[in-house]
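Okay, here's the structure, questions in a sec.
We did not get these values from a lab; they are worked out from the coordinates using the rules stated. Only a predicted model underlies this, so the values are computations on that prediction, with no experimental measurement involved. Note that each Cβ is placed from the backbone with ideal geometry, even for glycine, and that neighbours are counted across all protein chains shown.
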Amino acid sequence: MGSHSATNHTPRPGDSTSAHDGHGAWPGEFRFCPHCATELVKRQVGGKLRNACPSCEFVHFRNPGVGAAVVVRDQAGRILLVKRAPGATQAGKWSIPAGYLDYGEEVRAGAARELLEETGLVADVDEVVWVATNFHDPAKVTVGIWFAGTVTGGELIAGDDAEAVGWFALDALPMLAFDTDEAYIASLQE
Ligand SMILES: [Zn+2]
């Protein structure tokens with residue numbers, strides 16, 4: 001692992017306004033209570049304005065989702081990437097195999113599942129090699145965790161929301177979908 005000084009500077013919807021007090025600067029907020037369907041109102045909770053239900057106890061503490069990625073490299077040092085299928089975020093561009101965790105799913109199990117779904121490969125999910133917050137979709141901010149993976153089986157084939165899979169030398173990368181993947185790969189080239 002290199003130094004993790006790399007950062008991205010994706011615009012953050014709240015930076016210039018008041019996202020940190022929960023003032024609705026981020027898109028995609030709940031409008032109705034998921035428990036009782038009453039329209040939510042803004043209320044100060046824990047020092048921030050949050051969407052809260054006037055009918056029941058629900059307060060929307062909006063948290064980032066979690067994405068898990070698996071970094072697989074071959075003996076030549078090439079990295080395995082997937083081409084994002086039509087309908088996926090940043091379709092047509094490439095990313096390190098990754099996806100969202102399901103609620104209740106253990107993080108390494110989720111990482112292995114995503115790798116299998118997208119590439120057909122079975123892997124041991126090893127140490128964390130990168131962690132970053134993904135701001136590319138302001139309506140769905142996530143914390144990404146990139147794991148090193150060691151392939152133990154399977155057969156390389158594009159699946160799920162991947163249109164293609166391929167090995168790429170670090171100095172001959174295709175167009176990448178996410179600046180966080182880019183920052184990680186850049187750290188490998190330092
Ligand atoms: Zn409610």
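Need the full-extension length gain, Gln189 to Glu155, defined as separation in residues times 0.36 nm minus the C-alpha distance. One decimal, nm.
9.4 nm
May I pose another question? Name the GluC sites (Glu not before Pro) in segment 34-127 that are in a loop by DSSP and that have at most 15 other C-beta atoms within 10 Å, would you?
For GluC sites (Glu not before Pro) across segment 34-127 that sit outside H, G, I, E and B with at most 15 neighbouring Cβ atoms in 10 Å, the list reads Glu57, Glu105, Glu106.
For the pair Tyr100 and Arg43, what calculated FRET efficiency results from E = 1/(1 + (r/R0)^6), where r is the Cβ-Cβ distance and R0 = 25 Å, to the nearest 0.05?
About 0.30, to the nearest 0.05.
By per-residue mean of other Cβ atoms within 10 Å, what is the highest-first order of 176-189, 145-158?
The densest-packed peptide leads the list: 176-189, 145-158.
If you don't mind, another one. Residue separation times 0.36 nm, minus the C-alpha to C-alpha distance between Ala139 and Arg73: what's the value?
Here the segment from Ala139 to Arg73 would lengthen by 20.6 nm.
Read phi for every residue in segment 128-142 and hand back ³J(HN,Hα) as whole Hz from Karplus 6.51 cos²θ - 1.76 cosθ + 1.60, θ = phi - 60°, with x for Gly and Pro.
Once θ is set to phi - 60°, the couplings for segment 128-142 become 6, 10, 6, 9, 7, 8, 9, 9, 5, 10, x, 7, 8, 5, 9 Hz.
Divide by every residue of the chain the summed helix terms, -39500 (n - 2.57) for each DSSP H run of at least 4, and state the resulting mean residue ellipticity at 222 nm, rounded to the nearest 500 deg cm²/dmol.
Value at 222 nm, helices only, nearest 500: -3500 deg cm²/dmol.
Binning at 5 angstrom from zero up to the longest distance, how are the C-alpha pair distances of the chain distributed in percent?
1, 8, 14, 17, 17, 13, 10, 8, 6, 4, 1, 0, 0
Also: Quote the relative contact order of segment 65-188 in percent (integer), defining contacts as alpha-carbon pairs under 8 Å separated by 6+ residues.
Rounded, it is 33 percent for segment 65-188.
Longer than 31 Å from Cα to Cα, which of Lys42/Lys83; Lys48/Lys93; Lys48/Lys140; Lys48/Lys83 are they? Say none if no pair is.
Lys42/Lys83; Lys48/Lys93; Lys48/Lys83
Next question, about the same structure. Placing +1 at every Lys and Arg Cβ and -1 at every Asp and Glu Cβ, with all other atoms neutral, what dipole size does segment 28-166 have around its Cα centre, in debye to the nearest 20?
It comes to approximately 780 debye.
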